[in-house]
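Shown next, in structure tokens, is the structure this report addresses.
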Ligand code: NDP
């Protein structure tokens, strides 16, 4: 199947984890993919791994999505080097967990600047190009924390809930131009982000997942690929939880 032949996708936070898997899934079906992360070595390594299986599919770009001017510049560079973008996946995200009582201002700012302002920056930078493309897609990776909250993650939950409001508004603004904007809200997925959870917390979380076990990066990538595909042309402004039933 090559649902994404002749399509160019940008995946932020593509250097590892869920983002790398999303980039790989799109490349597997014919897309060219710009793989973005802050750390150059990490996105280059991810792009190399994708190119080993899908030669020439991936190109790495180092950028901090929280840096508005840098994202604008990069969008121009990607346009010059790879051409017009059709699919934008905002996946870059960070956590700086802690109870609100002890949370530092910089922990709040870092998380909001990356997870929420980062999406504002990329959508602003690519929107003109997306509006000109046929069947363009924006897919934002939120979290079930943005739906139900989580003690110790006020900053993260606020950023992920904000991303949902942002996405629905973008969906309304761009619908007339044929651009869809949807949100995927992962539950607990096995990645570097969840690896460090203390065993007691892991067990408590597992007890709340009806389908049992943590999800895989492939579970998220498959949903993103569906939303990016022609089959999802009539879906916009939706939040799809991929969480083993945790938030049903
Ligand atoms: P990882 O920490 O494994 O990877 C995050 C990626 O984002 C890395 O490539 C990182 O690269 C990049 N990144 C972080 N900050 C920036 C920045 N400022 N600019 C550009 N790139 C950045 O996370 P996951 O794969 O686990 O998560 C991916 C997304 O899914 C996140 O948005 C996360 O909130 C969300 N999510 C994850 C869940 C899970 O269980 N894992 C659950 C719910 C949501 P680098 O450090 O080099 O910049």
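Read-outs throughout are calculated quantities, based only on the coordinates presented, and are distinct from any laboratory measurement. Everything numeric here is computed off the predicted structure, so don't read it as measured data. Virtual Cβ from ideal backbone geometry, glycine too; neighbours counted across all protein chains shown.
Here are the numbers for the structure shown:
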read-out: Estimated inter-spin distance, residue 135 and residue 200, nm [label 7 Å along Cα→Cβ]; value: 5.1 nm
read-out: The chain: relative contact order as a whole-number percent, Cα under 8 Å and 6+ apart; value: 19 percent
read-out: Chain lengthening between residue 99 and residue 29 when straightened (0.36 nm per residue, less Cα-Cα); value: 21.0 nm
read-out: Using alpha-carbon coordinates, inclination of helix 17-28 to the longest axis of the chain, degrees; value: 30 degrees
read-out: Residue-averaged 222 nm ellipticity for the chain, from DSSP H runs of 4+ at -39500 (n - 2.57), nearest 500; value: -14000 deg cm²/dmol
read-out: Spacing of the two label points (7 Å from each Cα toward its C-beta) at residue 222 and residue 247, in nm; value: 2.0 nm
read-out: Estimated FRET transfer efficiency (residue 109, residue 190; beta-carbon r; R0 25 Å; 0.05); value: 0.30
read-out: Distant alpha-carbon pairs in the range 129-248 (separation over 23 angstrom), percent; value: 34 percent
read-out: For the range 83-143 versus the range 1-79, the gap between their alpha-carbon centres in whole angstrom; value: 15 Å
read-out: Quotient of Cα Rg and 2.2 N^0.38 Å for the range 1-136, N being how many residues it contains; value: 1.07
read-out: Modelled FRET efficiency - R0 35 Å, residue 128 with residue 39, Cβ distances, 0.05 increments; value: 0.80
read-out: Ranked packing of 25-34, 65-74, 175-184, 194-203, most packed first, by mean Cβ within 10 Å; value: 25-34, 175-184, 65-74, 194-203
read-out: Where only alpha carbons of the chain are counted, the Rg and the Dmax (Å); value: 17.0, 51
read-out: 0 to 90° range, to nearest 10: angle between helix 40-53 axis and the chain longest Cα axis; value: 70 degrees
